[in-house]
Amino acid sequence: MTVPEEILQKYRQAGRIAAEVREEIKKTLREGMPIIDVCEKVESMIRKKGGKPAFPCNVSVNEVAAHYTSPPRDVRTIPENSIVKIDIGIHVDGYIADTATTVCFNPEYESLVHTAEEALEKAVEMLRPGLLMTRFGSAIQKTIKTRGFKPISNLTGHKIGRYLIHAGKSLPNVFHLSAARVLEGEVYGVEPFTTVASAVGRIKNGSEAHIFRLLKHKSLKNPYAKQLLGYIKENFRTLPFTERWLQECVPQNRYKDAFSELLSSKSLISYPVFIEASGKPVAQAEHTVLVSGDGCVVLT
Ligand code: MN
Ligand code: MN
């Protein structure tokens, strides 16, 4: 199936913005920077360039593999000697570009970062209509292993849909027996994660969660909770958001109870931070690609 030109243009625009923002933040990131400033800078660059964030900017440090974004009034900073994954999502009219890079402030982990980038290059080289997911996973695993590192086995790439980050199909980064194939016209976030050979090589959920998504429109008692839910529905639809984006929706003294009711009523689901199970550092590289012709086109 080919993608109509009108939609392709929106994907291209989202991809171009994503790439520009990624390169800009990569250049300016420093040890000691407040993480909240990094998140807000990325999100405001996205808006200035004519896109909207498809999810809150993720700034995940060392053994945190993904899903950390600053809560309101966050005081954390980029630690010295760290490796930092910056994961950026942008949409234009619901068409999403998802891209990530790892910034390395620790010479010891440079080859870990390069290996994630090489695995991503290998992935882009391989992806074409008809490719078996199983073959893809094996090749990524082999690329990472021959360089002396380990893939994170339970983090995958994912098919992208309109207003959907994860549209059902997963692209494994390790051998995984499956009859599923990559199809023409599909868009994927491709994202190998690497860790050191001595690590367990899996992620587990951490105790914190600062990213949320609308699950169901439940009936609510608190009028401010209703107002908040209305705002979420209108502005983010099925896309993830964070509390930093809700601070001015209801009076300040009503916010805490309103948000609590959204959680307790299960109107929202939360995404906990992902942490490498043995506490080892993780690197990531990600592009969004369109599968077409006899290969794929990198959008980001
Ligand atoms: Mn991503
Ligand atoms: Mn992704």
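Please turn the phi angles of segment 181-190 into ³J(HN,Hα) values with the Karplus equation 6.51 cos²θ - 1.76 cosθ + 1.60 (θ = phi - 60°), one per residue in order, whole Hz, x for glycine and proline.
10, 7, 10, 4, x, 7, 10, 10, x, 10
What is the Cα radius of gyration of segment 125-205 over 2.2 N^0.38 Å, N being its residue count?
Its radius of gyration relative to the 2.2 N^0.38 Å reference: 1.10.
In degrees between 0 and 90, to the nearest 10, how far off the longest principal axis of the chain does helix 110-126 point, with axes built from Cα atoms?
So the helix axis and the longest Cα principal axis differ by about 80 degrees.
With r defined as the distance between the Cβ atoms of Lys256 and Leu164 and R0 fixed at 30 Å, what FRET efficiency is calculated, to the nearest 0.05?
Taking R0 as 30 Å, the efficiency between Lys256 and Leu164 is 0.50.
When the accessible area of segment 211-273 is split by element with a 1.4 Å probe, what percent falls to carbon and sulfur?
Answer for segment 211-273 is 48 percent, counting heavy atoms of protein chains only.
Once you list every other residue whose beta carbon is under 13 Å from the beta carbon of Pro223, what net charge do they have if Lys and Arg are +1 and Asp and Glu are -1? Mind showing how you got there, number by number?
On the way: positive: Lys221, Lys226, Arg254; negative: Asp257, Glu261.
Summing Lys and Arg as +1 and Asp and Glu as -1 gives +1.
Semi-axes of the equivalent ellipsoid of segment 197-300: what are they in whole Å, largest first, if each equals the square root of 5 times a C-alpha gyration tensor eigenvalue?
34, 21, 12
List the trypsin sites (Lys or Arg not before Pro) in segment 226-300 that DSSP assigns to loop (not H, G, I, E or B) and whose Cβ has at most 11 other Cβ atoms within 10 Å. Which are they?
Lys266
What's the angle, to the nearest 10 degrees (0 to 90), between helix 223-236's Cα axis and the longest principal axis of the chain?
So the inclination is approximately 30 degrees.
Treating the angle as unsigned and between 0 and 90°, give the value, to the nearest 10°, between the Cα long axis of helix 35-48 and the longest Cα principal axis of the chain.
With rounding to tens, the tilt is 90 degrees.
How much area per residue is accessible in segment 211-273 when the probe is 1.4 Å and only protein heavy atoms are counted (Å²)?
Here the per-residue accessible area is 57 Å².
Rounded to two decimals, what ratio of Rg to Rh does segment 164-224 give with C-alpha atoms and a Kirkwood Rh?
That ratio is 1.09, to two decimals.
Where the centroid of each part is defined by its Cα atoms, how far is segment 256-300 from segment 202-245 in Å?
Segment 256-300 and segment 202-245 have Cα centres separated by 14 Å.
Please give the charge dipole size of segment 134-285, origin at the Cα centre, charges +1 on K and R Cβ atoms and -1 on D and E Cβ atoms. Round to the nearest 20 debye.
So the dipole magnitude of segment 134-285 works out to roughly 380 debye.
Over segment 47-184, average the accessible area per residue using a 1.4 Å probe and give it in Å², no decimals.
Ligands and nucleic acids excluded, the figure is 42 Å² per residue.
Could you bin all the Cα-Cα distances of the chain into 10 Å bins starting at 0 and give me the percent of pairs in each, rounded to whole numbers?
7, 28, 35, 23, 7, 1
Quick check: residue separation of Asp294 and Lys142 times 0.36 nm, minus the Cα distance between them. What number comes out in nm?
52.4 nm
So, R0 is 35 Å and r is the distance between the beta-carbons of Arg73 and Ser278; what FRET efficiency does that work out to, to 0.05?
0.65
The values are calculated or read from the model by the stated rules, or taken from the named source; none is laboratory data. Predicted model, so just to flag it, every value in this text is computed and none were measured. Every residue, glycine as well, gets a Cβ built from its backbone with ideal geometry; the counts of neighbours run over all protein chains shown. Quick note on the areas: whole protein, heavy atoms, side chains included, nothing else; ligands and nucleic acids left out. Shrake-Rupley method; radii C 1.70, N 1.55, O 1.52, S 1.80 Å.
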